[in-house]
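Coordinate-derived values only; no laboratory data. Source: prediction; values computed, not measured. Note: ideal-geometry Cβ built from the backbone for every residue, glycine included; neighbour counts use all protein chains shown.
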Amino acid sequence: MATSLTIPSSLEPRMAEARARLDAWTREMIQWHFSPETGAPFWLDYAAKLGWDPRKEIHNYEDLDKLGFFQDEWLRGGPVERWIPRGLAGKPIYVFETGGSTGVPKSRISSEDFRVDYEHFSETLPNEGFPKGSDWIHVGPSGPRRLRLAVEHLAQHRGGTCFSVDLDPRWVIKLIKRGAMAEVEAYKRHVIDQALTIMKAHDSVQCMFTTPKLLEALCERINLRKAGIKGIFCGGTEMTPQWVRFAHEELLEGVAFAPTYGNTLMGLAVSRPVKAEDGWAIVYYPPSPRAMVEVVNPQKPTEVVGYGETGRVRLTTLTREFFVPRFLERDEAERDVPYEKYPWDGVRNVRPFQKLEKSVVEGVY
Amino acid sequence: MLHIPILRHGREYRSIDTAPAVHFLTREPIAEVSQANFGLIRRDLMKQEAARETLARFSTRELIELCERAGEIFLNGTLPLGDAQQSPQDYVEQTSATTGMPWVLIRRNMAKVHAMFTSMETVLNGLTRGLSMEVLDRGYSMAGSPISFFPRGASMGVVLPSNSPAVHSLWIPAIALKTPLVLKPGSAEPWTPIRIIQAFLQAGAPPEAFCYYPTDHGGANEILRSTGRGMLFGDVGAVKHWATDPRIELHGPGYSKVVIGDDCIDDWERYIDLIARSIADNGGRSCINASGVWVTRHADKIAEALAERLSTIRPRAADDPEAGIAPFANPEVGRRISGMVDAGLAEPGARDVSAQYRPERCVEWQGCTYVLPTIVRCDAPEHTLANKEYLFPFASVLEVAESEIPEVLGPTLVVTAITRNPLLINRLLASPHVGRLNIGAVPTNVISWDQPHEGNLFDHLYARRAFQMVEEPALAGAAQ
């Protein structure tokens, strides 16, 4: 059922080239983040405690292991200024929050990254499904998340405008935790009602960002194609192969579908084309060299697993704005082979990490 | 490997997500069960009204006859199961393999399901209290006082248990009551509900009336939320969540009891067989098995006699016709349950009377884990073990004053009251806590099909409305 895990030899030169670019980019980013003139106070303090200079010791991407694992708990609380690289002093800074959990939120700073990430993502979208100049609607988490601004920028970058609705996933998670499913349903209906009102009033809307659950809810009310939608950019929560198949066979009716994986800490990992003959698996490829998504041995997370093997997802973000080395996600996946368009490793069928599953309440948003 | 599909309004669907149905002993998968995703269930359930219409085309009489045919097919037929065929013996072996239930008990359960199918006319009479079938077919009747009933929901969602196949007879009448079914099978017992559905289909029922969704907890909840009426089988924790939702009929623990009044108690030896049967029939796995014996005197002697009688029940092979107890499909569950009994016994005021007749309560036999019948003599109703129900033959024996009965019993699904005392009988009749009342020597687990318990399915599915009808005179000039 699954496609071959063999790497065509014709791809090997491009893989080597991509790796060289990643290593060079890693060196450049290490210079930036650990130089007193350009680095952020957090990383300069971190380097001071290391007792060695990352600029001298880190020569390639592999060497990032020397820095240890990024703890997302570091992102809780302030001052957020400690994350702002001195090299970006004076630039307008956004603060975005991650996830839907409650308590002191995890925050990351951003200036241009969300625009750059989504401009790169835009290049992966087919014009037929996501026509240039058409308007978008964002039906997903809003508020302090970067997604709403990012989707708006994506629309603008492609020559359109973006409508939006409010959605607070933290409220949804609270409702789920106290078993108030009728309220969850009412809130979902409220969100979909708003989206439908906009779509009816603005027939220029042809593209949409939404989450898997909201896509299901939307398709209970309308036929996407008849509503004028040509492309769905989907993300935010897990998409299983069964769900992807269900979406293709019963919800999308030929509408273009762009599933993505990512979060506020990294850019967007995009999927290679999803096919029935590949068991409807979604294989995501990160936007190397700005970010990497790898599958590692949960017991020894410096070790990348073999192709086809299961492990924990590990993120690394390497931009001038934000440096996240070796962050262990709450997800697991299989390592997949490089692809023509993306000559670096992919991650197949990302899902909540089994060992953490009990403690993760994934929203219905 | 054998595959058990999802049924989407009768249409088979193979999901990419599957869960293994494993052999209770070897833990080897014997079938893969397609799992329905949440969105698929919701999308299908948008078509509930259309499904209902397919059943509405049948008269109640036709559906009763269809049930009779289905009962014979269920008991004797070879039926489709995914890409394979399932003979009655296949069904027995498969159900035994995933639940641990001995063949002989499964065959007895098959007979109960068969009886429900073939007694449908009696059952409907019992459920509707003799309502004319015309009312179900037309929605009203003008014979005598006008009467009209309407369906409370387009279909009934049922979240099913894995404990005992006969429990499925409770929802079978829904089809004769013209209500489509949306079933979520228990993870260890996918076999019985799909065999019942296949029997219905072979007998001529419309496929649209049946959805069968093996699914996770979220999917099960969605079934209960999205169907007009529901039925949930589960433990205390599972049913608690739905306790305030009147759309859902809850089937939790039964806490069934045998009560002997002061007038009959000196003849207690005459009733030991009946009490033992109430406790241990069907391996003690049903909510209608007695888990309490509440008497006015002679509690010590009764406990001794029951413990001795039940001590003859020992582990036997699955195909042994004398087998009377099932091993635990998950050994850890068996050990944990026995540990809970031990924890209760550690509190003063309770004694394991069975302990003298067997070496241990939880035993391994031929690689299987069994919890052997256990009679506990409790000193007071407040004791932790006084009112407990477990998935093996277990009962507490208590001595209480007759004047305290029935209040002291607490909520009880079945009470068998052995007494001729009209005062006691009247108090039991008036009690809101007794779901099913047997006066006299009727074992708690003997069901009369015209006497529904734990809620009346007809009342659950239909409500009465006020109704008047005056025939309009024909319009002037209308064709005569």
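Binning all Cα-Cα separations of the protein assembly as shown at 20 Å, short to long from zero, yields these whole-percent fractions: 13, 37, 31, 17, 3, 0.
Applying 1/(1 + (r/R0)^6) with R0 = 35 Å to the Cβ-Cβ distance of A:Glu185 and B:Asn456, what FRET efficiency is obtained, to the nearest 0.05? Walk me through the intermediate numbers first.
On the way: r = 29 Å, r/R0 = 0.83.
E between A:Glu185 and B:Asn456, to the nearest 0.05, is 0.75.
The DSSP beta bridges internal to region B:256-439 are antiparallel in roughly 25% of cases. Just so you know, the Rg over Rh for region B:256-439 is 0.97, from Cα atoms, with Rh as the Kirkwood radius. Beta bridges from DSSP with both residues in region B:2-252: antiparallel share about 45 percent, rounded to the nearest 5. For region B:1-69 versus region B:403-421, the spacing of their alpha-carbon centroids is 40 Å.
Given the DSSP H assignment, sum -39500 (n - 2.57) over each helix run of at least 4 residues in chain B and divide by its residue total; what's the result at 222 nm in deg cm²/dmol, nearest 500? Could you put the intermediate results ahead of the total?
Details: 16 runs with 157 residues, N = 480.
Result for chain B, helices only: -9500 deg cm²/dmol.
A Cα-only calculation for region B:254-318 places Rg and Dmax at 12.3, 42 Å. Across peptide A:198-207, the mean count of Cβ atoms from other chains lying within 10 Å of each residue's own Cβ comes to 0. Comparing Cα centroids, region A:1-72 and region B:247-316 end up 71 angstrom apart. Provide the FRET efficiency to the nearest 0.05 for the B:Asp379-B:Thr122 pair, computing r from the beta carbons and using R0 = 51 Å. So the FRET efficiency works out to roughly 0.70.
Straight-line cross-link reach from B:Lys112 at under 23 Å between alpha-carbon atoms covers these lysines, not counting any fewer than eight positions away in the same chain: B:Lys178, B:Lys184, B:Lys257. Spacing of the modelled spin labels on A:His59 and A:Glu238, each 7 Å from Cα toward Cβ, amounts to 4.2 nm. Scaled to the globular estimate 2.2 N^0.38 Å, the Cα spread of region B:2-252, given as radius of gyration, is 0.98.
Could you work out the Kirkwood radius for chain A, taking every pair of different alpha carbons, averaging 1/r and inverting it, reported in Å? Walk me through the intermediate numbers first.
Values: mean 1/r = 0.0468 Å⁻¹.
About 21.4 Å for chain A.
Residue-normalised convex hull volume from the C-alpha trace of region A:112-262: 108 Å³ per residue.
Residues with beta-carbon under 12 Å from that of B:Thr369, excluding B:Thr369: net charge, scoring Lys, Arg +1 and Asp, Glu -1? Please report the intermediate quantities before stating the final value.
Numbers: positive: B:Arg335, B:Arg336, B:Arg361; negative: B:Glu332, B:Glu360, B:Glu364.
Once positives and negatives cancel, what remains is 0.
Comparing mean-square fluctuations of A:Ala48, A:Ala291, A:Ala24 from a GNM of chain A with C-alpha springs under 10 Å, the top value falls on A:Ala48.
Considering only the protein assembly as shown, what is the antiparallel percent among its DSSP beta bridges, to the nearest 5?
On the way: 58 of 115 bridges.
Roughly 50 percent of the beta bridges in the protein assembly as shown run antiparallel, per DSSP.
Taking 28 Å as the straight-line reach from the Cα of A:Lys275, the lysines in range (excluding those fewer than 8 positions away in the same chain) are A:Lys132, A:Lys213, A:Lys226, A:Lys230, A:Lys341.
Computed extension length for A:Ala89-A:His120: 8.7 nm, one decimal, from 0.36 nm per residue of separation with the Cα-Cα distance subtracted. Measure nothing fancy, just the Cα-based angle from helix A:146-157's long axis to the longest principal axis of chain A, in degrees from 0 to 90, nearest 10. It is inclined by approximately 80 degrees.
Taking K and R as +1 and D and E as -1, what net charge do the other residues with C-beta under 11 Å from the C-beta of A:Glu119 add up to?
Local net charge: -2.
What is the extension gain from B:Asp319 to B:Asp263, computed as 0.36 nm multiplied by their sequence separation minus the C-alpha to C-alpha distance, in nm to one decimal?
Working: separation 56, 0.36 × 56 = 20.16 nm, distance 4.31 nm.
Using 0.36 nm per residue and subtracting the Cα-Cα distance, I get 15.9 nm.
With one equal scatterer per alpha carbon and no solvent term, the Debye-computed log10 I(q)/I(0) for chain B at 0.12 1/Å reads -1.09.
For the pair A:Asp203 and B:Ser448, a Förster radius of 60 Å applied to the C-beta separation gives a FRET efficiency near 0.40, rounded to the nearest 0.05. Could you pull out which residues in region A:200-225 have an amide N less than 16 Å from a spot 7 Å beyond the Cα of A:Thr161, following the Cα-Cβ vector? Counting backbone N atoms under 16 Å from the label point, the list is A:200-207. Computed with the Debye formula from one identical point scatterer per Cα of region A:242-350, without solvent, the log10 of I(q)/I(0) at q = 0.17 Å⁻¹ comes to -0.79.
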